Amino acid sequence: MGYVGLCTAAAFASRGIRTIGIDIDEGRGEQIHRGKAPLHEPQLNTMRKNAVKKKLLDATSEISVAANTNTTFLTVGTPSQPDGSIDLSHIKNATEDLGNALSDKSGYHLVVVKSTVVPGTTNGTVKRFLEQSSRKTIGSELGLCSNPEFLKEGTAIDDALHPDKIVIGSNDKRSASELTKLYRRFYGSKLPPVIMTSPEAAELVKYASNAFLATKVSFINTIANIAEQIPGVDVGTIAEAIGLDPRIGPQFLKAGPGYGGSCFHKDFQALINYSQNKNYDPLLFRATEETNEQQASRVVVLAEKLLGSLSSKRVAVLGLSFKKDTDDIREAASIRVINHLKKKGAQVVAYDPMAIPNTKKKLLDQIDCAENAHSALKGADCAIIMTEWNQIRKLKAKDFQAYMKNPNIVDARRIYNPEEFSGLNYLSIGLGPSTGTKY
Ligand code: UGA
């Protein structure tokens, strides 16, 4: 009942499909059943409440109930190990527990791997653990599919209700057709395109999808870093123009401080590790990651352009979460930037509408946290915009002028109109020096 599991369960239940969320953490089941959703996601809590009320969604820590259902989705986490490969311990434990729970079941049961796993995991580890613990054979009493998910934090429910595709990887017709039947029930006449393939290909689709999106971000950040050197050039114009080419498309072309979140970096590391173990070095992906890592230092270089040495300077970091509308700071660019700032001797004061508690847990007392944007700006020598929160976007040039000691602004998310900040010391990722000409 982590992010993917809970959103998937709530979405199924909202379409009248009786769903039980299972988690080894008893508290989590209780929270889902009675209290609030244990994570912040628009629409999730209302959806969860309605489904629980209609008795369509239940939650428990007792895995034996899986035997009373037709289908089980494995949605446990696959965190990174130090060498980048994925840690399959949660997958192994959950699969083993599930197999034990299914050992006495009579009749068919479908198991679906939704967790992000490298090619071969469904047909290898999952199949082996499931067959051993259930003492049943995949293909006859048990079905097994790979069915990756493409939900984004912040729009997960909407994404679950309106996906652009469903990918089903299976070895046998029955498991693929059972899962398609379930999705047909879920989506009715709005069933999106279903790609039927092998489990290995389905597993690779997920990595390819995230790798492509992350590469698009590093690509536009590279163009941004070039654009910054050219008078009168703004990367926004370049992105707008190339995005009109349908072969390129407009999405994921927002230049910024680099991608963050629990998936892109983790999945890249897993894919690179997997590929290298197959004796192929995916140069492009290593470059994408390296570009992303370096983008944080580009943000700090802009601050140094405005301030010179950062030693003992008070720097306000506005926004900490890896994107707006979430309290998630996992792999957030803000943390990389703060680490650079601290190394250069800056005194950091940070503000975020939601992510302060998580940041405090991670950075402990390394930074000061402010209660609002204005108090973060008070007395600051420089402000760095790290997340595109609406309330940060709403700040005006006069707010910076009124509260800061010196109005130096580095807009790493490109959320302000440079013309409105022309009276201040304003630099932005991907914005070349002004020529004074208005277009
Ligand atoms: C990503 C994918 O978009 C989902 O399809 C996938 O299911 C998910 O990972 C996952 O594997 O679980 P998510 O991590 O929620 O979703 O975040 P995104 O909205 O993709 O943003 C990732 C990062 O890229 C953010 O830091 C964002 O600010 C950055 N980004 C995105 C840019 O810097 N520029 C852009 O144009 C777009």
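The values are calculated or read from the model by the stated rules, or taken from the named source; none is laboratory data. Since the model is a prediction, treat every value here as computed from it, not as a measurement. Cβ sites come from the backbone with ideal geometry, for glycine too, and all protein chains shown count toward neighbours. With ligands, DNA and RNA removed, areas are computed over all heavy atoms of the protein, side chains included. Shrake-Rupley method; radii C 1.70, N 1.55, O 1.52, S 1.80 Å.
Among the listed pairs K114/K323; K152/K323; K324/K362; K127/K266; K114/K254, which have their C-alpha atoms separated by more than 22 angstrom in this model?
Values: K114/K323 24 Å; K152/K323 11 Å; K324/K362 19 Å; K127/K266 24 Å; K114/K254 29 Å.
Too far apart for the 22 Å limit: K114/K323; K127/K266; K114/K254.
With labels modelled as points extended 7 Å from the Cα through the Cβ direction, what inter-label distance (nm, one decimal) is found for T197 paired with E419?
4.6
Cα axis of helix 199-227 to longest principal axis of the chain: angle in degrees, 0 to 90, nearest 10?
For helix 199-227, the angle is close to 0 degrees.
At R0 = 45 Å, how high is the FRET efficiency between Q347 and F212 if r is their beta carbon distance? Nearest 0.05 is fine.
Once the sixth-power term is evaluated, E becomes 0.70.
Straight-line reach only, C-alpha to C-alpha below 12 angstrom: list the aspartates and glutamates that K190 could link to, leaving out same-chain residues fewer than 8 apart.
Straight-distance partners of K190: D164.
Using amide H atoms built in the peptide plane, which far-off residues or other-chain residues are under 5 Å from C369 H to H?
Those lying under 5 Å, H to H, from C369 are A350.
With the cut-off at 1.5 for a/c, could you classify the stretch 324-378 from its C-alpha gyration tensor as rounded, prolate or oblate? Could you put the intermediate results ahead of the total?
Details: a/c = 1.69, a/b = 1.11, b/c = 1.52.
Here the stretch 324-378 falls in the oblate category.
Ranked from highest to lowest mean number of other Cβ atoms within 10 Å per residue, what is the order of the peptides 422-430, 110-118, 25-33? Present the calculation step by step, with values, prior to reporting the outcome.
Values: 422-430: 19.4, 110-118: 23.6, 25-33: 16.4.
Top to bottom by mean Cβ count within 10 Å: 110-118, 422-430, 25-33.
Largest first, what is the accessible-area ranking of F12, F264, F150 with a 1.4 Å probe?
Working: F12 10, F264 30, F150 55 Å².
The most accessible residue leads, giving F150, F264, F12.
Give, in whole angstrom and from largest to smallest, the semi-axes √(5λ) of the equivalent ellipsoid of the stretch 160-212, with λ running over the eigenvalues of the Cα gyration tensor.
Three semi-axes, in Å: 19, 16, 6.
What residues have an amide H closer than 5 Å to that of G430, excluding those fewer than 5 places away on the same chain, when H is modeled at 1.01 Å from N in the peptide plane?
Hits under the 5 Å cutoff: E228.
Using 0.36 nm times the number of residues separating A402 and K55, minus their current alpha carbon distance, what extension gain do you get?
In short, 119.5 nm is gained.
What is the helix-to-structure angle for 89-102, meaning the angle in degrees between its Cα long axis and the longest Cα principal axis of the chain, kept from 0 to 90 and rounded to the nearest 10?
In the chain, helix 89-102 runs at an angle near 30 degrees to the longest axis.
Expressed as a rounded percentage, what relative contact order does the stretch 297-428 have, with Cα pairs under 8 Å and six or more residues apart? List each step's numbers first, then the result.
Working: 262 pairs, mean separation 36.5, N = 132.
It rounds to 28 percent for the stretch 297-428.
Which whole-number percentage describes the relative contact order of the chain, with Cα contacts under 8 Å and a sequence gap of 6 or more?
Normalised by residue count, the contact order of the chain is 12 percent.
What part of the accessible area of the stretch 39-107, given as a whole %, is carbon or sulfur when the probe is 1.4 angstrom?
Numbers: 1690 of 3650 Å².
Looking at the stretch 39-107 in its full context, I get 46 percent from C and S.
Excluding residues on the same chain fewer than 8 positions from K55, give the aspartates and glutamates whose Cα lies under 16 Å from its Cα.
E30
Separation of the stretch 127-156 and the stretch 296-335 by C-alpha centroid, Å?
Measuring centre to centre over Cα atoms gives 41 Å.
Is the C-alpha gyration tensor of the stretch 260-403 telling us rounded, prolate or oblate? Criteria: a/c under 1.5 is rounded; beyond that, a/b larger than b/c is prolate, otherwise oblate.
Because a/c hits 1.5 or more and a/b exceeds b/c, the stretch 260-403 counts as prolate.
What shape does the stretch 106-221 take by its C-alpha gyration tensor, where a ≥ b ≥ c are the square roots of the eigenvalues and a/c under 1.5 counts as rounded, a/b above b/c as prolate, and the rest as oblate? Please report the intermediate quantities before stating the final value.
Numbers: a/c = 2.46, a/b = 1.48, b/c = 1.67.
It is oblate, given that a/c is not under 1.5 and a/b is not larger than b/c.
State the percent of C-alpha pairs, over all pairs in the stretch 144-290, separated by a distance greater than 20 angstrom. If you can, show how the numbers build up before the last one.
Numbers: 6414 of 10731 pairs.
The answer is 60 percent, as a whole percent.
Which order do Y274, Y280 take when ranked by solvent-accessible area (1.4 Å probe, heavy atoms of all protein chains), largest first?
Reading off the accessible areas and sorting them downward yields Y280, Y274.
What is the sum of charges, Lys and Arg at +1 and Asp and Glu at -1, for the other residues whose Cβ falls under 12 Å from the Cβ of R314? Before the final figure, lay out the partial values.
Details: positive: K313, K378, K405; negative: D368, D381.
Neighbour charge sum, excluding R314 itself: +1.
I need the peptides 331-344, 295-308 ranked by packing, meaning the mean over residues of other C-beta atoms within 10 angstrom, with the highest value on top.
In descending order of packing, they fall as 331-344, 295-308.
Work out the charge dipole of the chain with +1 on the Cβ of Lys and Arg and -1 on the Cβ of Asp and Glu about the Cα centre, then indicate which of A66, A333, I367 is farthest towards its positive end.
Positive-most Cα among the choices belongs to A66.
Rg over Rh of the chain, using C-alpha atoms and the Kirkwood radius, what does it come to?
Radius of gyration relative to Kirkwood radius: 1.02.
Among 47-60, 375-388, how do they line up from the highest to the lowest mean number of other beta-carbon atoms within 10 Å?
Top of the packing list down: 375-388, 47-60.
Pull out the extension gain between E30 and N45, defined as 0.36 nm times the separation in residues minus the alpha carbon to alpha carbon distance; nm, one decimal.
4.0 nm is the gain from fully extending E30 to N45.
Projected onto the charge dipole of the chain (+1 at Lys/Arg Cβ, -1 at Asp/Glu Cβ, origin at the Cα centre), which of I166, V349, P199 gives the Cα projection farthest towards the positive end?
I166
Taking Cα atoms of the stretch 135-192, Rg/Rh with Kirkwood Rh, to two decimals?
Numbers: Rg = 13.3 Å, Rh = 12.7 Å.
On the Cα set of the stretch 135-192, Rg over Rh gives 1.05.
Just going by the charge dipole of the stretch 269-409, with Lys and Arg at +1 and Asp and Glu at -1 on Cβ, which of F400, V317, A303 is farthest out on the positive end?
Among F400, V317, A303, the one farthest towards the positive end of the dipole of the stretch 269-409 is F400.
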